[in-house]
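Heads up, the thing below is written out as structure tokens.
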Amino acid sequence: MALIEMKNITKDYHLGETIVHALRGIDLLIDKREFVAIWGPSGSGKTTLLNLISAIDEPTTGELAIAGKDVRSLTDNQKSEHRNETIGFIFQGFNLVPVLSALENVMLPLQIKGASAGEARKQALSRLEEVGLSELIYNRPAKMSGGQQQRVSIARALVNNPSLVIADEPTANLDSETARMIIDLMRELNEKDHTTFIFSTHDQRLLDRVKRLVRMEDGKIVDGGTKQ
Amino acid sequence: MMKWIKLAVRNIFRNKRRSFVTLLAIGVGFAAINLFYGWIHHSYYGLRVMAVQAEGLGHLRINRAGWQEKGKLEPEKYMFSKEETEKIIKLTTDEKEVILATPQIQVTGIVTNGVASTIFIAQGVVPKDDKTIKGGWANFRPVNGKELDDQKKYGAEIAQDLARYLNLTPGRDGVVMASTLSGQMNALDIQVMGVYDTGSDFSNDKFMRFTFDFAQSLLDTHSAERIVVLLKDWQDTERMRTTLLKKLQAAGIDCEIRTWKELSLSYLKTKSMLDMMFSFLFTIVIVIVVMTTVNTMGMAILERTREIGTLRALGLKRRGVSLLFSIEGALLGLFGSFMGVVLHLCVWAIIKIYPPQYTPPGISTSMSLTVDLVPQALFILVLCMVGLSLLAAIIPARRAAKQNIVDALGHV
């Protein structure tokens, strides 16, 4: 069974009286353990597609199942639980909570889940060690570089042991060297933990580091929709 | 829960200047309400002392039933006979809550110094009992001259303005005239024993005090108009009214009992006015606190829209977001109240050390501004402020929770 199954997905936005067709009939299957890059020009629908997969948005039409769950049938609370347990997020702008330290930021998904502070701390420390930030656990985001913040973000995405990590342009705010390091780190974790990674990018320099490419244009998948 | 409280505390101090202004608004409002409450709390005490001691009303007044409506028209019919008076005093003073029960009679008439005359309202009292009722007030406003004395039957005390109008200084003689209960004009000589301050401009130009026996002689009666009861604790007033009324009616005495609050010239009206002023101030402060908190929370939510989106994406439910901001609102109220307690104590101490003087309307002399420190009021207001701040935060918090995650994440 595929981890993600999308059949004939469309997504329309209403801007006043204008209807914007962001996605036009997407069919996509992604299996467990895959390391997938969704790439294409700006406005091609990459972020919209990731929003649907991560259950923070709903398709206008079509069928969408993630880990066997029909996302459209879930209530808002069930979607929240689904995101917390199944999906890890890595954002382009890192989106760390500024008043929390690196450690507390990584503990957050576990604490949302209801884990004890001790358990959350233990797992967060382990993940921060994996991303090489053991020395900076008490630093707040403002005192870390972009690359360090993104590594905290990766640790946070993985702390709940999700089956899927979604990263929207995770390297867009980083220099080339740091961007390559972040992608390599993600790939390493993908191979080690067998977590599925899906990330969007329009940086062609990073594409040789991924296992599968899904290319989008004008709200459609033009290449890589089915596994080679 | 602790983790969310910790996060809320840090968020409050994220924008220090804005939070400080909000806390200051809550704190100043808190202190203003409490200082005003402390002042009216003391004023209520003063008004009670004025009524019970200065006006000599005691805590309860027992009259024959119907006195209030018809006593002036047929006074003798609505007075207590000597036997009834003794019986009432006996039954009343048997109660452990009662300090004393004393007969009194009111006389109205004309007083003259032989040249000029004016109206008076006099209370016929038992001097020793009246002294007990006056209590500490007698030291606060001592009689100038000598006090009433059972041995000096024709002695009288006269209020200071009335004494001044008629030049009736201690030791001088005058004449009082009044109608007896049967309607005959009666006149008796008096000798001024002392001059006193009633404490009120409204009564200082017409009040007098005679001995109970003298007042009976002037009215040509052996009856008593009322029995005044002094209790050990004023808070027993209502309960003792019910108890005594049942007891006296069971003993065959048809009577009515009224409390000092009902009888006082000014207590209820002044209290009502002060209560209204307090409500007005309280409402203004509450509106300021609510508006400030709503504004602060609204700004915080606007600034943290992307953070809300992130928390929701990470799996925090709507009620979690709502809870987080509600906690922040409640904590603003709590911290603001603590600031208010400190401000209140500072101002209270300054007033205690350097009390301003003022003369309230209707009061004959100036007095110090006194603010009571009422810990219960402080505690209740802390709860009130926390509750209000929480309520004020709920609407913006719910708005935050309802935000679309995609829009929130895209917020710049």
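Computed values, structure above
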read-out: Residues of the range A:56-69 classified as free of Cβ contacts under 8 Å to residues at least 40 places away in the same chain and either more than 14 Å from every other protein chain (Cβ to nearest Cβ) or assigned to a strand (DSSP E or B) (or both), total; value: 1
read-out: Residue check for B:VAL371: under 24 Å from the mean Cα position of the chain (by Cα) and either outside the structural domain of B:ALA313 (by TED's automatic domain parsing) or under 30 Å from B:ILE308 (Cα atoms) (or both); value: no
read-out: Filter pass, A:VAL106 being surrounded by 19 or more Cβ atoms within 10 Å (Cβ to Cβ), at the interface with chain B (Cβ under 10 Å from one of its Cβ atoms) and either assigned to a helix (DSSP H, G or I) or more than 16 Å from the chain's Cα centre (by Cα) (or both); value: no
read-out: Selected residue [touching an Asp or Glu at 6+ places or on another chain (Cβ under 7 Å), in contact (Cβ under 8 Å) with a residue 24 or more places away in the chain, crowded, with 19+ Cβ neighbours inside 10 Å and assigned to a helix (DSSP H, G or I)] from B:ALA8, B:ALA51; value: B:ALA8
read-out: Single residue of the range A:88-101 satisfying the filter (of a type in the set (Gly, Ala, Ser) and under 23 Å from B:ALA300 (Cβ atoms)) that is nearest to the other protein chains (Cβ to nearest Cβ); value: A:GLY93
read-out: Failed condition for B:GLN123, given (1) outside any strand (DSSP E or B); (2) closer than 25 Å to B:GLY58 by Cβ; (3) among the polar types (S, T, N, Q); value: (1)
read-out: Subset of the range A:171-228 [buried (at least 21 other Cβ atoms within 10 Å of the Cβ) and not β-branched (Val, Ile, Thr)]; value: A:LEU174, A:ALA179, A:MET186, A:LEU189, A:PHE197, A:PHE199, A:SER200, A:MET216, A:GLY219
read-out: The range B:298-319 - residue that is without any contact (Cβ under 8 Å) to a residue 40 or more places away in the chain and assigned to a helix (DSSP H, G or I) and, of those, farthest from the other protein chains (Cβ to nearest Cβ); value: B:LEU302
read-out: Checklist (1) modelled with pLDDT under 90; (2) out of contact with any strand residue (DSSP E or B) (no Cβ under 8 Å at 6 or more places or on another chain) applied to A:PRO141, failing item; value: (1)
read-out: Subset of the range B:212-259 (residues that are surrounded by 16 or more Cβ atoms within 10 Å (Cβ to Cβ), part of a loop (DSSP other than H, G, I, E, B) and either aliphatic (A, V, I, L, M) or without any contact (Cβ under 8 Å) to a residue 40 or more places away in the chain (or both)); value: B:ILE253
read-out: Residue in the range B:343-354 that is modelled with pLDDT of 90 or more, assigned by TED's automatic domain parsing to the domain that holds B:ARG10, in contact with a Gly (Cβ under 8 Å, 6 or more places away or on another chain) and among the aromatic types (Phe, Trp, Tyr) present; value: yes
read-out: Single residue of A:ALA167, A:ALA115, A:ALA120 found to be modelled with pLDDT of 85 or more, closer than 30 Å to B:MET1 by Cβ and not in a helix (DSSP H, G or I); value: A:ALA115
read-out: Criterion (touching a strand residue (DSSP E or B) at 6+ places or on another chain (Cβ under 7 Å) and either buried (at least 22 other Cβ atoms within 10 Å of the Cβ) or in contact (Cβ under 8 Å) with a residue 12 or more places away in the chain (or both)) met by exactly one of A:ARG127, A:ARG72; value: A:ARG72
read-out: Tally of residues being of a type in the set (Gly, Ala, Ser) and facing chain B (nearest Cβ under 9 Å) across the range A:72-87; value: 1
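The values are calculated or read from the model by the stated rules, or taken from the named source; none is laboratory data. Remember, predicted model here, so these are calculated numbers, not experimental data. A quick note on method: Cβ atoms are made from the backbone with ideal geometry, for glycine too, and the neighbour counts reach across all protein chains shown.
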